[in-house]
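These notes concern the structure reproduced below.
The values are calculated or read from the model by the stated rules, or taken from the named source; none is laboratory data. Since this is a predicted model, take the numbers as computed values, not measurements. All Cβ positions, even for glycine, are placed from backbone atoms using ideal geometry, and neighbour counts span all protein chains on display. All accessible areas refer to the heavy atoms of the entire protein, side chains included, with ligands and DNA or RNA removed. Shrake-Rupley method; radii C 1.70, N 1.55, O 1.52, S 1.80 Å.
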Amino acid sequence: MDEKRKVIFSGIQPSGELTLGSYMGAIRNWVDLSGQYDCYYCIVDMHAITVRQNPAELRRRSISQLAQYIACGLDPEKNTLFIQSHVAEHAQLGWVLDCYTMFGELSRMTQFKDKSAKNAENINAGLFTYPSLMAADILLYQTDLVPVGSDQKQHVELSRDIALRFNGIYGDVFTIPEPFIPQAGARIMSLTTPQNKMSKSDKDPGGCIYILQKPEEILRCFKRAVTDSDTERCVRYDPEAKPGVSNLMQIYACATGKTFPEIEAEFDGKGYGDFKTAVGESVVELLRPIREKTEDLMKNKDYLSSILRSGAEKASRTASRTLRKVYKKVGFVER
Ligand code: TRP
């Protein structure tokens, strides 16, 4: 038999609609990894309720997120696609790991500090212990690599520390995971405040593009995208001096496969208006088949349910093996 393939785990919260940033920064890379690795891609609904959600919306978005994963090219035959709350081991291991995670460590997490500042009326215990649940997600599958954006690196490093601590006491129980930050070109910024990452929690609706957004709206957002007020007024890649234009170039490069020099040549002597229109159109064409495929899949709920069922079954098989080992190590009586 061939060598055991390395394991990849990643997840996105169904706390909002998937964005162009999540496609270009995450899902597109996940698709590329599918062939080489044993991949688990999760819809982390348990993480989403650390912030108050509308129940009907959360349910709809979780299913739509699965449809979008598939429409983006994640083949459910080659990847394990599932919903976190379908696999009870996440909550079970999460509790055990809470007991091996230090208050001080959790207090240092920058996402906790940011989110508690933003949700001052609901700083719940789940928001605080969120990273140990994330560690459980990762460690249950004996994950080698965790593709995440740079904002999640601190959480993956904490998962590593928790795994090392647990292994240090009980022997080799967990594979030690590593963050896997995708190559350059993945960090898509807001169209209106290009200093910030494109985010579904952006208060400015024009800053964020959604995978399922209508073409007219996408074009409108790109027309209004911020360019830079430097005197040069030409399309040139320079994220320091020209963050707005450089972000648009990044998006255009991702959508068309063109290189930065090719893009600079294409718009040489043209205004920012032409450039923004071209970027908008390239994104519309990139997203069109994904939106259409998602709409088709959403008409076939039985199919989506069957994918979720087999995804959860497959995930459970691996997860229960790890959990059984952990329960034994910590001294729980076998059922
Ligand atoms: N915390 C991640 C985010 O907000 C989502 C997430 C939850 C995750 N569990 C994970 C990512 C495990 C990678 C691996 O983006």
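Odds and ends about this structure:
- For the residue pairs K276/K299; K6/K325; K223/K301; K78/K293; K115/K214; K78/K113, the alpha carbons lie more than 27 Å apart in K276/K299; K223/K301; K115/K214; K78/K113.
- Candidates A56, A48, A91, ranked by Gaussian network fluctuation over the chain, Cα under 10 Å, top entry: A56
- Potential lengthening between R321 and D296 on full extension [0.36 nm per residue; Cα-Cα distance subtracted]: 5.4 nm
- Computed with a 1.4 Å probe over protein heavy atoms only, the accessible area of H155 comes to about 10 Å².
- Highest to lowest packing among 282-289, 156-163, scored as the average C-beta count within 10 Å: 156-163, 282-289
- Label separation (A56 vs K270): 4.5 nm, computed from points 7 Å beyond Cα along the C-beta direction.
- Cα-based helix-to-principal-axis angle, 301-330 vs the chain, degrees rounded to 10: 50 degrees
- If only the Cβ of Lys and Arg carry +1 and only the Cβ of Asp and Glu carry -1, the dipole of the chain around its Cα centre is close to 960 debye.
- Positive-pole candidate from V279, I211, F267, dipole of region 205-295, charges at beta carbon: I211
- The rule of thumb for compact globular proteins, 2.2 N^0.38 Å, goes into the C-alpha radius of gyration of region 205-295 1.08 times.
- For the chain, calculated [θ]222 nm from helices alone, where every DSSP H run of n ≥ 4 adds -39500 (n - 2.57): -16500 deg cm²/dmol
- Nearest-0.05 FRET efficiency for R108 and S305, computed from C-beta distance (R0 35 Å): 0.30
- Just so you know, the Rg over Rh for the chain is 0.99, from Cα atoms, with Rh as the Kirkwood radius.
- Cβ-derived FRET efficiency at R0 45 Å, R5 paired with Q195, nearest 0.05: 0.70
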